[in-house]
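So the structure is just underneath, and the comments pick up after that.
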Amino acid sequence: MTETDPRALVAELCRHFYFQGWATGTGGGISIKQGDRIYMAPSGVQKERIRPEDVFVVDLDGAVLEPPADASLKLTACAPLFMAAFRQRDAGAVLHGHSQHAALATLLWPERFRITHIEMIKGLRGYGYHDTVEVPVIPNTAHECDLADSLAEAIDANPQTDAVLVQRHGVYVWGRDWQHAKTQAECYDYLFELAARMKACGIDPAVAPEGARR
Ligand code: ZN
C-alpha cells in the first residue's frame, strides 16, 4: 500500500474493512480527501474486490471530476453523507461501516450511546479515560441518501464527537486523515461491542465505577 496513491488506499481499506465485518454484502465504504480532491469507492459492489481504477474522484462540492473507466460503476450512495463530514468538520477521511457492534449499540441505546471509564476512550479525539463518550443516534431511512439532513444536524449538534450512529444500520466516523479516521473507527467499534457486553452482564457502561475520580 502506497500512502501517496489514494485510489489504491481506498481499495486497500475497503478490503480491510470487509474482513473486519464492516463492509460485507456491498455495504460500507471509505472516502479520502487529498487537497481539493475526494476519492470515493463505487456503490453496490463487493468492497473487498474494488480495484484502484474503480475509485471515483469528486470535488469539494461532490461533483464527479473523474469517473472510473468502467461506466457501469455508480458513485456510492454515501456520497452526500461523506460530504457532510468533509464540509462541516474539515475531515480528511470519512468511513461508513455496517458493523454488527454499531447496529447492536443502536438497538440497546436508540437515541444516544454513552460509555465512560474504559481505556480505549483515550483513542478518541479530545477524550480522556475519565470522560464520558457520547455518540448521537439518528433514525435509519429506506435510502441511504435520505440520511443526509439528519446526519448533518447531528454533526452540528455534537461538536465533541467524530461519529454518528444510524439506527439498525451502522456508523459514520471521520478523522483529520485516513489514519485518524481508521483508528477512531476501531476505538468506537471496540466501545460499541464492549458496551453491549457490559449491558448483557448487568453493567451500565455510562456509569462511572465506584470510587472513580469524577
Ligand atoms: Zn450504510
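The values are calculated or read from the model by the stated rules, or taken from the named source; none is laboratory data. None of these values were measured; they are calculated from a predicted model. We place every Cβ from the backbone using ideal geometry, glycine too, and count neighbours over all the protein chains shown. What goes into the accessible areas is simple: the full protein's heavy atoms, side chains included, and nothing from ligands, DNA or RNA. Shrake-Rupley method; radii C 1.70, N 1.55, O 1.52, S 1.80 Å.
At-a-glance table
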{"read-out": "Listing of strands (runs of 3 or more DSSP E) fully contained in the range 69-177 that carry 3 or more residues being over 14 Å from the mean Cα position of the chain (by Cα)", "value": "112-116, 132-138"}
{"read-out": "Options Thr26, Thr4: the member that is within 13 Å of the ligand (Cβ to nearest atom), open to solvent by 10 Å² or more (accessible area, probe 1.4 Å) and without any contact (Cβ under 8 Å) to a residue 24 or more places away in the chain", "value": "Thr26"}
{"read-out": "Conditions (1) away from the ligand (no atom under 16 Å from the Cβ); (2) surrounded by fewer than 16 Cβ atoms within 10 Å (Cβ to Cβ); number of the one not met by Arg168", "value": "(1)"}
{"read-out": "Qualifying positions in the range 46-81 - open to solvent by 90 Å² or more (accessible area, probe 1.4 Å), closer than 18 Å to His98 by Cβ and within 16 Å of the ligand (Cβ to nearest atom)", "value": "Gln46"}
{"read-out": "Residue under evaluation Glu193, criteria (1) over 21 Å from Leu13 (Cβ atoms); (2) modelled with pLDDT of 95 or more, criterion not met", "value": "(1)"}
{"read-out": "Filter pass, Gly44 being in contact with a Ser or Thr (Cβ under 6 Å, 6 or more places away or on another chain) and not β-branched (Val, Ile, Thr)", "value": "yes"}
